[in-house]
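Presented below is the structure to which this report refers.
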Amino acid sequence: MTKVIDVPPSLDDQSFEQVFEALAPLPPDEKILIDARRTRWASPYGLTALLTVAQTRLQKPALAIPESDDTATYWARTQFFHFAADLYEISGKIPRARSTEDLNVLLPVTPVAKTEDIHRVVDKIQNKAQAMLIGGLHLEPSATMRFTMALSEICQNVIEHAGRGGWVAVHAYRWQKRLGRKVVVISVCDAGIGFRQSLESAHGPRATDRWDDGMALEETVMRGATRFRDPGRGQGLAGVRKFIHDWTGKFSVRSGTARIAIVPEWDGDVPMRENLPFFPGAQVQITIPEKVVP
Amino acid sequence: MINRIDVSSVLRTSVCDLYSNLVTRPTGAMVRLGIEHQLDEIGDRALTILDFSHVRLLDFSCADEIVAKLLLQYVSVDIPRREVYFVFYGMSESHMDAIETVLQRHSLALVSQLADGNPRLLGVIDDDQRLIWETMRQLGSAEPSEVASSAGVSAERAKQTLEDLWRRRLVIREDHVYVSLCGGSPGMTTDEFAATDHSPSQLS
C-alpha cells in the first residue's frame with residue numbers, strides 16, 4: 001500500500017518538518033506518494049529537500065505536482081522537474097519551462113556531486129548575484145564575492161562530507177509575512193551521512209554523556225571541528241558564519257535529529273532544536289535580508 | 001632571481017582553461033602543484049611574486065591549499081624546502097578575507113603588495129617583528145646594528161627579530177645584511193623593485 005505524504009501549501013525549512021515527520025516512521029522500502037497538489041509556494045529549501053527525500057527511498061516514490069499552474073510553472077523554471085523526473089514517478093502535467101531566465105531564480109536547482117559542479121555554480125551565479133545583492137538588497141559591492149565564497153564552501157561540504165551528491169538552489173523573493181523585506185536564500189541539501197557520522201568516521205563517538213546530532217552540529221558549525229586531521233580544515237563554515245553576522249543574515253543547518261541556527265534579531269527562531277524526526281544527511285539554509293537604508 | 005607567477009594562468013594550465021575562480025580544495029591543490037613545479041625550475045634561492053590580479057574569487061579552501069600549504073613548505077624552521085621568498089601581488093579585499101583567515105589558522109604571515117603600491121604585512125605578527133619589518137621597509141637593506149639604531153631597539157633585539165623574520169621568509173638574509181622584500185621606499189611596485197639596487201643580487 002502506498003503511503004501518502006501531504007506537502008504543506010507553503011513549503012519552506014519550517015514547514016518541511018511536517019514532511020520529515022511523516023517520513024521518519026516509514027521503512028525505506030515502503031512506497032510513498034508525495035502529494036504536492038495543494039502546494040502554492042516552495043522555497044529553494046523545499047525544492048532541494050524534496051529531491052533528497054526521493055534519494056532516501058529504496059522504492060521510487062511518486063510525486064503529485066502542484067495543481068496551480070503558476071506554481072507548477074515556477075517549479076519548472078527552477079529546473080526542479082528536470083531532476084525530479086528521474087527520481088519520482090510524476091503524476092500531473094509538467095508545464096514546459098518557457099524560460100529558465102528568471103530574475104528571482106539566481107541559481108536554479110543544480111546537482112552538487114563533484115568539484116566541477118562547484119565551479120559551474122560559482123561561474124553561473126556571479127553576475128546575477130551582483131545585481132540582486134547590490135541593486136535588490138542594497139549590500140555593499142564586496143558582498144557579491146563573499147556571498148559566492150559562502151556558497152562555494154557550503155557546496156564543498158556536500159562533496160567532502162556527505163558521501164553522496166546533493167542539490168543547491170538560490171532564489172530571491174520578498175518575504176512579506178516574516179520580514180517585510182526582500183531576501184536572498186541559499187539552500188543546499190543532501191541525504192548523505194550527516195554531521196554526526198562524518199565526525200565519527202575519524203574520531204569515533206565522543207566519550208561524553210551527550211553525544212548526539214545536536215552536539216555534532218555544535219562541534220562542526222560553531223567550533224569548526226571536522227573529520228580531517230589537517231589543521232587547515234573547518235575554516236569554511238567559520239567564514240560563512242562571519243559573513244552571515246556582517247549581513248544580519250540567518251544560517252541554519254539540520255542534520256539527523258537536530259537543527260542549529262544562527263538567529264538574527266529579526267527572526268524568532270531558536271538556536272537549537274533537538275529530537276526532530278530523523279532524516280539523513282544535512283540541509284543547510286542561508287538567508288540574507290535586504291539592508292534597511294536609513 | 002625575481003620571477004612572477006600569474007596564479008590565474010596556473011589555474012587555467014593546471015586545472016581547466018575555462019575556470020576563472022579559485023574555489024574548492026582539489027582545485028587549490030592542483031594550482032599549488034603547478035606553482036611548485038614552476039618554483040622547482042628556478043633554483044634554490046628565489047624571490048617570487050605571486051600575482052592574483054586576474055583571480056576573481058578565492059574561497060577559504062583554496063586559500064588554505066594554495067597560500068597556507070605553499071608557505072608552510074618554505075618557512076619550516078627545521079628543513080625548509082628551499083630559500084624562496086614570496087610577495088603576494090594584486091590581492092583584492094575579498095581575497096584578503098580568505099587569506100587572513102588561513103594565515104591566522106596556521107600562524108603564518110606574508111608580504112602583500114597592494115594596488116596602491118604599498119607593501120603590507122598580513123597574518124600573525126608580533127609587535128617587535130612588525131617594528132623591525134617596517135624599519136627594513138624604509139631602509140631597504142641594512143645590517144642589524146643599523147636596523148637597531150633606526151628602530152630604537154637594542155642590537156641584540158634587532159638581530160634576533162631579523163632572524164625570526166628571515167626564518168619566516170619576510171626579509172631576505174645575505175651574509176650579514178638583511179634586505180626588505182619590498183624595496184626601499186613606500187609606494188614602490190614590484191616591477192620597480194625588480195629594477196632597483198635593493199633587489200637581492202645573490203638570489204639565483
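The values are calculated or read from the model by the stated rules, or taken from the named source; none is laboratory data. This one's a predicted model, so the numbers in the text were calculated from it and none came from an experiment. Cβ atoms come from the backbone with ideal geometry, glycine included; neighbour counts cover every protein chain shown. To get the accessible areas, we keep the full protein, side chains included, count just its heavy atoms, and leave off ligands, DNA and RNA. Shrake-Rupley method; radii C 1.70, N 1.55, O 1.52, S 1.80 Å.
Quick notes on this one:
- Estimated buried accessible area (total), pair A and B, 1.4 Å, Å² to nearest 100: 2200
- When B:Thr101, A:Thr71 are compared by accessible area at a 1.4 angstrom probe, the order from most to least is B:Thr101, A:Thr71.
- Buried on assembly, the range B:15-29 (at least 40 Å² less accessible surface than by itself, 1.4 Å probe): B:Tyr19, B:Asn21, B:Val23, B:Thr24, B:Arg25
- Shielding by partners for peptide A:151-159, expressed as the average number of C-beta atoms from other protein chains within 10 Å of each residue's C-beta, is 4.
- Of the residues in the range A:112-136, those shielded by at least 40 Å² of accessible area once partner protein chains are present, compared with the chain alone at a 1.4 Å probe, are A:Thr115, A:His119, A:Asp123, A:Gln126.
- Expressed to the nearest 5 percent, the antiparallel share of DSSP beta bridges inside the protein assembly as shown is 65 percent.
- Charge sum, other residues only, whose C-beta stays under 12 Å from A:Thr248's C-beta, Lys/Arg counted +1 and Asp/Glu -1: -1
- Rounded accessible area of A:Asp13 (nearest 10 Å², 1.4 Å probe): 10
- Computed magnitude of the charge dipole of the range A:19-81 (debye, nearest 20; Cβ of K, R +1, Cβ of D, E -1): 100
- Positive-end residue of A:His245, A:Ala72, A:Asn104, charge dipole of chain A with Cβ unit charges: A:Asn104
- Efficiency of FRET between B:Asn3 and B:Ser53 - r from beta-carbon atoms, R0 22 angstrom, step 0.05: 0.90
- In this label model, A:Glu30 and A:Lys3 are separated by 0.2 nm, measuring between points 7 Å along each Cα→Cβ vector.
- Largest accessible area first, the residues A:Arg40, B:Arg25, B:Arg56, A:Arg96 order themselves as A:Arg96, A:Arg40, B:Arg56, B:Arg25 under a 1.4 Å probe with ligands, DNA and RNA left out.
- Of B:His106, B:His176, B:His54, the order by accessible heavy-atom surface (1.4 Å probe, DNA, RNA and ligands excluded), from most exposed downward, is B:His176, B:His54, B:His106.
- The accessible area of B:Arg105, taken with all protein chains in place and a 1.4 Å probe, comes to roughly 100 Å².
- Within the range B:33-155: Cβ-based charge dipole about Cα centre, in debye rounded to nearest 20 (Lys, Arg +1; Asp, Glu -1): 60
- Shielding by other protein chains, B:100-106, mean Cβ within 10 Å: 3
- Area projected by the alpha carbon convex hull of the range A:120-226, averaged over all directions, nm²: 8.5
- Averaging the sequence gap over all C-alpha pairs within less than 8 Å and six or more residues apart, then dividing by the number of residues, gives the range A:187-279 a relative contact order of 24 percent.
- In this Cβ point-charge picture (+1 for Lys and Arg, -1 for Asp and Glu), the protein assembly as shown has a dipole of about 1480 debye about its Cα centre.
- Based on protein heavy atoms only, the protein assembly as shown ends up with 41 Å² per residue of surface accessible to a 1.4 Å probe.
- Cα-based Lys pair tally, the protein assembly as shown, threshold under 12 Å, eight or more apart or on separate chains: 4
- Label reach from A:Trp266 (point 7 Å along Cα→C-beta): in the range A:168-191, amide nitrogens under 13 Å belong to A:173-185.
- Stretching the chain fully between A:Tyr173 and A:Arg37 yields a gain of 46.7 nm (0.36 nm per residue, less the alpha carbon separation).
- The range A:218-294: C-alpha gyration tensor shape, a/c 1.5 cut-off, then a/b vs b/c: oblate
- For the pair A:Ala207 and A:Asp246, the difference between a 0.36 nm per residue extended length and the Cα-Cα distance amounts to 10.5 nm.
- Shape of the range B:38-139, Cα gyration tensor, a/c cut at 1.5: rounded
- Translational diffusion coefficient (Stokes-Einstein; Kirkwood radius from C-alpha pairs) of chain A at 20 °C, 1.002 mPa s, in µm²/s: 111
- Solvent-accessible area, 1.4 Å probe, carbon plus sulfur percent, for the protein assembly as shown: 50
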